[in-house]
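> A single structure is presented below for examination.
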Amino acid sequence: MAQAAGYAPIFIALFSMLTAIAGWAAYFHARRRHVVDTSILMISKMSSDQYVADIIDQFRELRGEIEARGLKDMTVKEIEVFRFIKDSEAHNAARTLKALFNFYESLALGIRKKWLSEEIIRDYCSQSYIADWLDFQHTVYDYRSNLEAENLFEDFEHLAYKWASEKQKPKFRMHSRSGQ
C-alpha cells in the first residue's frame, strides 16, 4: 500500500500531461476548423458581395482595356489618368487597381496572421493573384517610390511570389521580403 502511494505523484503528473495534450489537440482542431470556416466565408464573400464582385469585374475590364491598347508597365501618372468604360460608365483605373490590391493585401495579411487558410485561398485564386501582381508590379513599385511607402502591398507581393511557379519567379522584381 505504501509503495502504491509512492506512485501517486507520477500518476497525477501523467494524467495532467495527458489532459493538457488532449486540451491542446482540441484547441488546435477547433482553431483549424475556425480558419477553414473563415476562409470559406471569405470565398463566399468574394463570389457574392456586390462591392467585391464589382471591383473584380472592373479590374477585368481594366485589364482588357490596357491589353487592347497595347500598354504595359504603366506608371502611377499613367494609371491615375487612365479611364475605361464598364457598363456605360467611366471608371478610374487607379481607384479600381487600389481597391482590388487592397483586397488582395487583406487576403495575404489574413494568411500571414493565420486567420485564413493558405491552402484554400491558394486553390481558389492563386492564378489570377499571381497574374495580377506580375502585370501591375511595375505600377506598385512606382507607387512605393512616389509615396515613399516601401511596404505598400508587401504581403500581396510576398504571397504572389511564394505561390508562383519556378517559371514565373524570374518575372518578379525582387523586394526585401519576396525571397523569404
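> Before we move on, is Arg122 of a type in the set (D, E, K, R) and touching a residue at least 40 places away in the same chain (Cβ under 8 Å)?
Yes, satisfied.
> Just to be sure I understand the filter: pairs with C-beta atoms under 9 Å, separated by 6 or more residues or on different chains, first member in the range 17-28 and modelled with pLDDT of 70 or more, second member surrounded by 10 or more Cβ atoms within 10 Å (Cβ to Cβ). Which pairs pass?
Listed by first residue and then by second, the contacts come to nothing, as the list is empty.
> Also, I was wondering about something else. If you go through the range 115-145, how many residues are in contact with a helix residue (DSSP H, G or I) (Cβ under 8 Å, 6 or more places away or on another chain) and not hydrophobic (A, V, I, L, M, F, W, C)?
Matching residues across the range 115-145 total 12.
> Next up: Quick test for you: out of Ala94, Ala164, Ala160, pick the one residue that is within 26 Å of Tyr51 (Cα to Cα), in contact with a Phe, Trp or Tyr (Cβ under 8 Å, 6 or more places away or on another chain), touching a residue at least 24 places away in the same chain (Cβ under 8 Å) and small (Gly, Ala, Ser).
On inspection, the qualifying residue turns out to be Ala160.
> Going by what's in this entry, would Arg33 be described as modelled with pLDDT of 75 or more, assigned to a helix (DSSP H, G or I) and closer than 21 Å to Ile111 by Cβ?
Judged against the criteria, Arg33 is a match.
> Among the residues of the range 139-160, count how many are surrounded by 15 or more Cβ atoms within 10 Å (Cβ to Cβ), outside any loop (DSSP other than H, G, I, E, B) and of a type outside the set (Ser, Thr, Tyr).
So the count comes out to 10.
The values are calculated or read from the model by the stated rules, or taken from the named source; none is laboratory data. Remember, it's a predicted structure, so these values are computed and weren't measured experimentally. For neighbour counting, all protein chains shown are included, and Cβ atoms are generated from backbone atoms with ideal geometry for every residue, glycine included.
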